[in-house]
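Undergrad: One structure coming up, written as structure tokens, with questions to follow.
The values are calculated or read from the model by the stated rules, or taken from the named source; none is laboratory data. This structure is a prediction, so every number in the text was calculated from the model and none was measured. Here the Cβ positions follow ideal geometry from the backbone for every residue, glycine too, while neighbour counts run over all protein chains shown.
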Amino acid sequence: MSRPLLPYRPDIDGLRAVAVLAVILFHAFPDTLRNGFFGVDVFFVISGFLIGGIVFQELQQGSFRLTSFYARRIRRIFPALLVVLATALVAGWFLLLPDEYAQLGKHVGAGAAFVQNYALRGEIGYFDTAAKLKPMLHLWSLSIEEQYYLLYPPLIWLAWRLGLNFFALTIVLFASSLALDLAWTKPHPERAFYFPQSRFWELWAGALLAYVNLYHRPGITRCLGKVFFTPAACARSAAGGKEHREAVLDNLAAVVGSALILAGMLVIRENYSFLEKWTLLPVSGAVLLIWAGPRAWINRHILSNRLAIFVGLISYPLYLWHWFLLSFARILEDNDVDPVGVRALCVLASFPLAWLTWRFIERPMRFGPRSSSRIAALAGLMMLIGGAGVFVWRQDGFDFRLADEKAVRMSRAVGEWEYPQGMTPVHIDNKLWYWALPSGKSAATLFIGDSNCQQYYPRVAELVRTHPNETNSVFYKAMGACFPAPGMRYEKNRDWCDNVPEDALTIARSMPNIEVVVVAAQWNSYFTHIKGQEYGSEGYRETLRSLSDYLKAYVAAGKKVYFILNIPVGREFNPKYLMRRRLADPADESYFSVPRAALDEKYAMIQADLTRLARDAGATIFDPMEILCPHEQCRTMLEDGDPLYKDSIHLRPSYVRGQMTFIDETVRY
């Protein structure tokens, strides 16, 4: 019989330390370790290896019981998680705005039910809250692990009872999951990231390693010895005896494994949406390091040193606490401010919190008396915390917590967005489609652009509702973060923008009843935040030429073209920035407006170029700043304390509906 798994592997705790520290560095200081997220993949391999080894051994010994297995999982996972979830709900009550608290409640409920990966996948969209502002975001990986535990052990137990080869079964599962991951990487990166069926292969890699290590290690070692140790190639090693050859192989595996993990975290430089294929590097590296065993020099001297073991022991609560602290700090630091010192303080604070959680909660619950009542209590508390989170979510974060009605208004403003309510999708063929809001007129106005074009929809919808016979039908071909002209080179993958400008032009040309075209966008964003498109660059000039030709194409097609310039944007307009977290008296009048001179200086050159371009193309130009910035001040709030904006770059629907009257000309000319 091959050697059994060691009851305790200090080097695996050291590998846990490497994984959790990589994740923490990536979360707190991403420029330091840009691919530190691969630490999660190392965690998956470790979990698959340990759980697989336990299940295989217990099946062989005839001692495996699903109830015992899940009781151990509850004692291992629930105590620390309960503390963090409960702390989040309590802290959120005092620190978060209603919309933030509602989302936190939803995520606490999803985390307690171990479906956070699905909850996060369902939230993906243009107006989704930034990932760094979701305190329970990191529970997606824990959810995938728990989903794996619910599937694989019962499946292996059933295969054992039926006399099936569960090693072959695991290989099939591993290969299927890996193939699905690779297939989804480019077309559906969010699925590849969040769905368990495309992440299980990493845990199954660990399970396969556990099986091979338990039952086939001597045979594999002999085969590798024949490959690497021949008298001709390495006479000294071949003559050194079995133990010497095994030591050389173990050290070689550790060196290669370490190199693969370091290459994945330090060398690869691609956008994450195309990184799934590179996940093979840290996964393979973790497999090799674990295979190398505690006798390899790296495992024995680096991974098994006392500091690494300590960090590995507290790695689970450390993982839970660090992101919770970072995320809350980012929310409270006006969302857009992210001082290095604050992040460093959060990381430092997470270590004593993790140790206290491990020492006084996790260890006593995990290794203390193993009574069924304790398991029932932990499960009951998890249901209670999860239910409390769902209740917070369903109650919209409890507005009454705020002492000032103006604070409630600001919080509600963030959630406002009406596009495309009331419209219906119209499909011309399998590829061409648009949103439509018919009126009493056959003539139509087509709106083209990004979400800054979408923000004007409440005004035109109101006109269609109140004056249907005098207002054009409204068509929209606008997608969030999509530049309304061909040729834009985006810094990040935006598949949803493919062919949108071309499709809009095709629709306009093919429909004679489209008499008016409105083109609007947050132009400044494309020329300040996308590398290669900065103002004055060759990419900038090429894009302006493309935009000019695009507008001229509509004019040549006989359409009347309106071109809408930038609205003022910036964090000073964000209702949450205006709050400054002073919930008792948030409406400080010093934040009611921004000097127009500063914004004119910021936009002057781009506004001038766009104005000249649109005029030369034959378009009519609208400048929203004439409405939003009267008397040399750009307003952030109305006199009654209502915010004008829903965030830093979009106007509120309620404000647009009543105040952005220049839009009337585009549908009632």
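Undergrad: Against the definition (surrounded by fewer than 22 Cβ atoms within 10 Å (Cβ to Cβ), assigned by TED's automatic domain parsing to the domain that holds Pro79 and either modelled with pLDDT of 95 or more or within 15 Å of Leu203 (Cα to Cα) (or both)), how does Pro154 come out, yes or no?
TA: Criteria met by Pro154.
Undergrad: In this structure, is Phe49 surrounded by fewer than 23 Cβ atoms within 10 Å (Cβ to Cβ), among the hydrophobic types (A, V, I, L, M, F, W, C) and under 24 Å from Leu288 (Cα atoms)?
TA: no
Undergrad: May I ask you to list the residues in segment 454-477 that are in contact with an Asp or Glu (Cβ under 8 Å, 6 or more places away or on another chain) and either more than 17 Å from Arg657 (Cα to Cα) or not assigned by TED's automatic domain parsing to the domain that holds Ser442 (or both)?
TA: Lys477
Undergrad: Name the residues in segment 122-148 that are surrounded by 15 or more Cβ atoms within 10 Å (Cβ to Cβ), part of a helix (DSSP H, G or I) and either among the aliphatic types (A, V, I, L, M) or in contact with a helix residue (DSSP H, G or I) (Cβ under 6 Å, 6 or more places away or on another chain) (or both), would you?
TA: Matches in segment 122-148: Lys132, Leu133, Leu139, Trp140, Ser141, Leu142, Ser143, Ile144, Glu145, Gln147, Tyr148.
Undergrad: Just to be sure, is Arg581 touching a helix residue (DSSP H, G or I) at 6+ places or on another chain (Cβ under 9 Å), surrounded by fewer than 20 Cβ atoms within 10 Å (Cβ to Cβ) and at pLDDT below 85?
TA: Here the answer is yes, as Arg581 does meet what is asked.
Undergrad: Out of curiosity, is Arg394 over 23 Å from Ser451 (Cα atoms), under 27 Å from the mean Cα position of the chain (by Cα) and surrounded by fewer than 16 Cβ atoms within 10 Å (Cβ to Cβ)?
TA: On the way: over 23 Å from Ser451 (Cα atoms): yes; under 27 Å from the mean Cα position of the chain (by Cα): yes; surrounded by fewer than 16 Cβ atoms within 10 Å (Cβ to Cβ): yes.
For Arg394, the condition - over 23 Å from Ser451 (Cα atoms), under 27 Å from the mean Cα position of the chain (by Cα) and surrounded by fewer than 16 Cβ atoms within 10 Å (Cβ to Cβ) - is met.
Undergrad: Of the numbered conditions (1) out of contact with any Lys or Arg (no Cβ under 9 Å at 6 or more places or on another chain); (2) under 30 Å from Val83 (Cα atoms), Trp393 satisfies every one except a single condition; which is it?
TA: (1)
Undergrad: Checking Leu307 against (1) within 30 Å of Arg217 (Cβ to Cβ); (2) not in a helix (DSSP H, G or I), which test does it fail?
TA: Unmet for Leu307, out of (1) within 30 Å of Arg217 (Cβ to Cβ); (2) not in a helix (DSSP H, G or I): (2).
Undergrad: A follow-up question, please. Please enumerate the residues belonging to segment 354-402 that are outside any helix (DSSP H, G or I) and touching a residue at least 60 places away in the same chain (Cβ under 8 Å).
TA: First, the residues of segment 354-402 that are outside any helix (DSSP H, G or I): 368-371, 395-398, 402.
Those that are outside any helix (DSSP H, G or I) and touching a residue at least 60 places away in the same chain (Cβ under 8 Å): Arg370, Gln395, Asp396, Gly397, Phe398, Leu402.
Undergrad: Could you please let me know if Ser548 is exposed (fewer than 15 other Cβ atoms within 10 Å of the Cβ), hydroxyl-bearing (Ser, Thr, Tyr) and farther than 30 Å from Lys646 by Cα?
TA: no
Undergrad: Does Ser537 satisfy being of a type outside the set (A, V, I, L, M, F, W, C), more than 25 Å from Glu190 (Cα to Cα) and in the same structural domain as Arg612 (by TED's automatic domain parsing)? Write out each step before concluding.
TA: Details: of a type outside the set (A, V, I, L, M, F, W, C): yes; more than 25 Å from Glu190 (Cα to Cα): yes; in the same structural domain as Arg612 (by TED's automatic domain parsing): yes.
Considered against the rule, which asks whether it is of a type outside the set (A, V, I, L, M, F, W, C), more than 25 Å from Glu190 (Cα to Cα) and in the same structural domain as Arg612 (by TED's automatic domain parsing), Ser537 comes out as yes.
Undergrad: Limited to segment 505-548, what total is found for residues that are in a helix (DSSP H, G or I) and without any contact (Cβ under 8 Å) to a residue 60 or more places away in the chain? Give the steps one after another, and end with the answer.
TA: To start, the set of residues in segment 505-548 that are in a helix (DSSP H, G or I) comprises 505-510, 523-526, 538-548.
If we keep only those that are without any contact (Cβ under 8 Å) to a residue 60 or more places away in the chain as well, we get 505, 509, 526, 538-542, 545.
Looking only at that region, the number is 9.
Undergrad: Checking Ala619 against (1) at pLDDT below 90; (2) surrounded by 17 or more Cβ atoms within 10 Å (Cβ to Cβ), only one condition comes out false. Which one?
TA: (1)
Undergrad: Tell me which of these Phe29 doesn't satisfy, since it passes every other one: (1) under 26 Å from the mean Cα position of the chain (by Cα); (2) under 30 Å from Val267 (Cα atoms); (3) crowded, with 20+ Cβ neighbours inside 10 Å.
TA: Result: Phe29 passes all but (3).
Undergrad: Here is a further query. Look through segment 261-276, keep the residues that are surrounded by fewer than 20 Cβ atoms within 10 Å (Cβ to Cβ) and in contact with a helix residue (DSSP H, G or I) (Cβ under 6 Å, 6 or more places away or on another chain), and return whichever of them is modelled with the lowest pLDDT.
TA: Among those that are surrounded by fewer than 20 Cβ atoms within 10 Å (Cβ to Cβ) and in contact with a helix residue (DSSP H, G or I) (Cβ under 6 Å, 6 or more places away or on another chain), it is Ser273.
Undergrad: Hey, among Arg489, Arg509, which residue is among the basic types (Lys, Arg) and over 30 Å from Ser537 (Cβ atoms)?
TA: Only one candidate qualifies: Arg509.
Undergrad: Moving on. Here's a check for you: in segment 326-342, which residue that is farther than 15 Å from Tyr577 by Cα and surrounded by fewer than 16 Cβ atoms within 10 Å (Cβ to Cβ) is modelled with the lowest pLDDT?
TA: Going through the qualifying residues, I end up with Pro339.
Undergrad: Among the candidates Ile144, Ile124, Ile156, Ile171, which residue alone is within 30 Å of Glu416 (Cα to Cα) and aliphatic (A, V, I, L, M)?
TA: On the way: Ile144 fails: within 30 Å of Glu416 (Cα to Cα); Ile156 fails: within 30 Å of Glu416 (Cα to Cα); Ile171 fails: within 30 Å of Glu416 (Cα to Cα).
Unique residue meeting the criteria: Ile124.
Undergrad: Regarding Ser63, is this residue closer than 22 Å to Ile171 by Cβ and either assigned to a helix (DSSP H, G or I) or in the same structural domain as Gly380 (by TED's automatic domain parsing) (or both)? Write out each step before concluding.
TA: Values: closer than 22 Å to Ile171 by Cβ: no; either assigned to a helix (DSSP H, G or I) or in the same structural domain as Gly380 (by TED's automatic domain parsing) (or both): yes.
Here the answer is no, as Ser63 does not meet what is asked.
Undergrad: On to the next question. With the requirement that a residue be surrounded by fewer than 22 Cβ atoms within 10 Å (Cβ to Cβ) and among the aromatic types (Phe, Trp, Tyr), what does segment 81-113 give you?
TA: If the condition is that a residue be surrounded by fewer than 22 Cβ atoms within 10 Å (Cβ to Cβ) and among the aromatic types (Phe, Trp, Tyr), then Trp93, Phe94 are the ones that fit.
Undergrad: Please state which of the following conditions Glu572 fails to meet, knowing it meets all the rest: (1) farther than 30 Å from Trp93 by Cβ; (2) outside any loop (DSSP other than H, G, I, E, B); (3) modelled with pLDDT under 90.
TA: In the conditions (1) farther than 30 Å from Trp93 by Cβ; (2) outside any loop (DSSP other than H, G, I, E, B); (3) modelled with pLDDT under 90, Glu572 misses (1) alone.
Undergrad: Here is a follow-up. Name the helices (runs of 4 or more DSSP H) wholly within segment 403-493 that hold at least 3 residues that are crowded, with 16+ Cβ neighbours inside 10 Å and touching a His at 6+ places or on another chain (Cβ under 9 Å)?
TA: Numbers: elements: 405-414, 451-454, 457-466.
In segment 403-493, 451-454 are the helices (runs of 4 or more DSSP H) which contain 3 or more residues that are crowded, with 16+ Cβ neighbours inside 10 Å and touching a His at 6+ places or on another chain (Cβ under 9 Å).
Undergrad: Another one. Assess whether Arg306 counts as being surrounded by fewer than 15 Cβ atoms within 10 Å (Cβ to Cβ), in the same structural domain as Phe26 (by TED's automatic domain parsing) and in contact (Cβ under 8 Å) with a residue 24 or more places away in the chain. Before the answer, list the steps.
TA: Numbers: surrounded by fewer than 15 Cβ atoms within 10 Å (Cβ to Cβ): yes; in the same structural domain as Phe26 (by TED's automatic domain parsing): yes; in contact (Cβ under 8 Å) with a residue 24 or more places away in the chain: no.
The answer is no for Arg306.
Undergrad: Another question, then. Given the conditions (1) without any contact (Cβ under 8 Å) to a residue 60 or more places away in the chain; (2) at positive phi; (3) not β-branched (Val, Ile, Thr), which single one is not true for His427?
TA: (2) is the only condition that His427 fails.
Undergrad: Out of curiosity, is Lys106 modelled with pLDDT under 95 and in a helix (DSSP H, G or I)?
TA: It is false that Lys106 is modelled with pLDDT under 95 and in a helix (DSSP H, G or I).
Undergrad: Next question, about the same structure. Which pairs turn up if I take residues in segment 131-144 that are at pLDDT below 95 and look for partners that are in a loop (DSSP other than H, G, I, E, B) with beta carbon separation below 7 Å, at least 6 apart in sequence or on another chain?
TA: Matching pairs, first to second residue: Ala131/Leu137; Leu133/Asn335.
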